[in-house]
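Read the structure below first, then the notes.
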Amino acid sequence: MLMTRRQITTTLAATALLPAVARAQAAPRRSVDADVTFPTPGRRAWADQQPHLGIALLGGENEVDRMARFDGYRRLLEDTFAVPVKVYPASDYAGAIQAFGAKQVEIASLGSSAYAGAWLDTNGGVEPLVVPEQEDGSIGYLAVMVARADSGIDDLAGMKGKSLAWADPNSASGYLVPRAALRRQGVNPEQYFSRTGFAGGHEQAVVAVLQKQYDAACTWTSGQGPEDSGFTRGNLRAMVEKGMLTMSDLRIVWRSEPIPTGPISIRSDLPAALKADLLQFFLGLPKAHPDIYTQISRGEGTGYREARHSDYQIFIDLRREEAAARRRRE
């Protein structure tokens, strides 16, 4: 079972994997709260300042699947607030971060590391809105390293001298956290593996392993539920559901400590009334439109929880640490 946010913070601090997270001052609102309702449809006064909304869709799966999966979500936003809503597919996390910086989009679901990168690159121009909750109320997930089941690789020791695919340089589970965790275990990724490279997304990284282009890859999973179906949510579950993967073809050879899940983020300069409406939209979505919630959440869950910037300070610190390590290598 994954941990609650407070347990995640305690575990990470105890293992020295990540710096401690500041404790929230007040309990965040949640989709499961009895008083949460979905917004009443209609044009808002804030539409005079923000007459349209843009959503950045991150990579990790092919564009046709992405557009189909998010179309109901786009139309619901449009119908609820009576403003045009456009989606902008991004080939990777960097594309979504750049779209925020250019003020091309107002909303994006970002990984923890990508949120930290967007916050750093925009000088605080983004803020977290909500974060998905797991079935047990936790907001954590796992980074995992997977190898082919027939590779003879059973654990991290078996990866010495083997090749490893990272998902994306702006991914927490697919790059930043595994690198930090491995360094804490005394493993230098530049020396331990025969070679490493970026696959272009989580889905692509696993495909590269299945096609024997790499010996293993890092990706993300909830870590909850039956492993043979890819757990309850995450990249492995999505690939199983699309018929791209049978879990018996893979072996998990390494797991991280729980990682705080990345938030649905918005631009910081949006009108306060729009921010409040978007918060109500996402908190109320699972009860009011469970089919659309399931589509965009890529799995099961209890809904969303109001997110705080302090939840992600650990990833800002990690990105700075990674940048410092890169400068030392150069």
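In segment 272-330, how many are part of a helix (DSSP H, G or I), modelled with pLDDT under 95 and of a type in the set (Asp, Glu)?
Matching residues across segment 272-330 total 5.
Being surrounded by 20 or more Cβ atoms within 10 Å (Cβ to Cβ) and acidic (Asp, Glu) is the requirement here; does Asp311 meet it?
In short, yes.
Which one is nearest to Ile97 (Cα to Cα) among residues in segment 159-191 that are in a loop (DSSP other than H, G, I, E, B) and small (Gly, Ala, Ser)?
Ser171
Just to be sure I understand, how many residues within segment 136-164 are over 14 Å from Ile252 (Cα atoms), crowded, with 23+ Cβ neighbours inside 10 Å and over 18 Å from the mean Cα position of the chain (by Cα)?
Within segment 136-164, residues that are over 14 Å from Ile252 (Cα atoms), crowded, with 23+ Cβ neighbours inside 10 Å and over 18 Å from the mean Cα position of the chain (by Cα) number 0.
Considering each of Pro132, Pro128 in turn, give the residue that is closer than 29 Å to Val32 by Cα and either in contact with a Pro (Cβ under 7 Å, 6 or more places away or on another chain) or not in a strand (DSSP E or B) (or both).
Matching residue, one of Pro132, Pro128: Pro128.
Assigned by TED's automatic domain parsing to the domain that holds Phe38 and either closer than 19 Å to Ala157 by Cα or in contact (Cβ under 8 Å) with a residue 12 or more places away in the chain (or both): is that true of Gly200 in this structure?
Judged against the criteria, Gly200 is not a match.
For every residue, the table says whether it meets (1) touching a Leu at 6+ places or on another chain (Cβ under 9 Å); (2) in a helix (DSSP H, G or I); (3) free of Cβ contacts under 8 Å to residues at least 40 places away in the same chain.
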position: Ala205; (1), (2), (3): no, yes, no
position: Lys212; (1), (2), (3): no, no, no
position: Cys218; (1), (2), (3): yes, no, no
position: Val240; (1), (2), (3): no, yes, yes
position: Glu257; (1), (2), (3): yes, no, no
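Name the pairs whose Cβ atoms lie under 9 Å apart, with the first residue in segment 221-236 and in the same structural domain as Tyr293 (by TED's automatic domain parsing), the second modelled with pLDDT of 90 or more, and 6 or more positions between them or separate chains?
Qualifying pairs under 9 Å: none.
List, please: which pairs have Cβ atoms under 8 Å, are six or more places apart or on different chains, and start with a residue in segment 26-50 that is at positive phi and end with one that is surrounded by 15 or more Cβ atoms within 10 Å (Cβ to Cβ)?
Gly42/Phe81
Count, please, the residues in segment 78-93 that happen to be free of Cβ contacts under 8 Å to residues at least 60 places away in the same chain, more than 18 Å from the chain's Cα centre (by Cα) and not in a strand (DSSP E or B).
Looking only at that region, the number is 5.
Within the group Arg305, Arg298, which residue is in contact with a strand residue (DSSP E or B) (Cβ under 6 Å, 6 or more places away or on another chain), within 22 Å of Leu129 (Cβ to Cβ) and surrounded by 22 or more Cβ atoms within 10 Å (Cβ to Cβ)?
Every option except Arg305 fails the conditions.
Scan segment 210-228 for residues that are of a type in the set (A, V, I, L, M, F, W, C) and within 15 Å of Trp254 (Cα to Cα) and jot them down.
Ala216, Ala217, Cys218, Trp220
How many residues, within segment 70-81, are touching a helix residue (DSSP H, G or I) at 6+ places or on another chain (Cβ under 7 Å) and either surrounded by fewer than 17 Cβ atoms within 10 Å (Cβ to Cβ) or farther than 15 Å from Ala108 by Cβ (or both)?
Adding up the residues that qualify gives 4.
Conditions (1) closer than 29 Å to Pro28 by Cβ; (2) at pLDDT below 95, marked per residue:
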| residue | (1), (2) |
| --- | --- |
| Ala102 | no, yes |
| Glu106 | yes, no |
| Ser109 | yes, yes |
| Asp150 | no, no |
| Ser173 | yes, yes |
| Leu176 | yes, yes |
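Consider Gly197 against the criteria (1) closer than 25 Å to Gly117 by Cα; (2) assigned to a helix (DSSP H, G or I): it satisfies all of them except one. Which criterion is unmet?
It fails just one condition, (2).
Could you tell me which of the residues Ala147, Ala90, Ala56 is in the same structural domain as Gln204 (by TED's automatic domain parsing) and in contact with a strand residue (DSSP E or B) (Cβ under 7 Å, 6 or more places away or on another chain)?
Ala147
Return the total of residues in segment 214-241 being more than 19 Å from Asp150 (Cβ to Cβ), at pLDDT 90 or above and among the charged types (D, E, K, R).
So the count comes out to 2.
The values are calculated or read from the model by the stated rules, or taken from the named source; none is laboratory data. As the structure is a prediction and not an experimental result, all values here were calculated from the model. With ideal geometry, Cβ positions are generated from the backbone for all residues, glycine too; neighbour counts draw on all protein chains shown.
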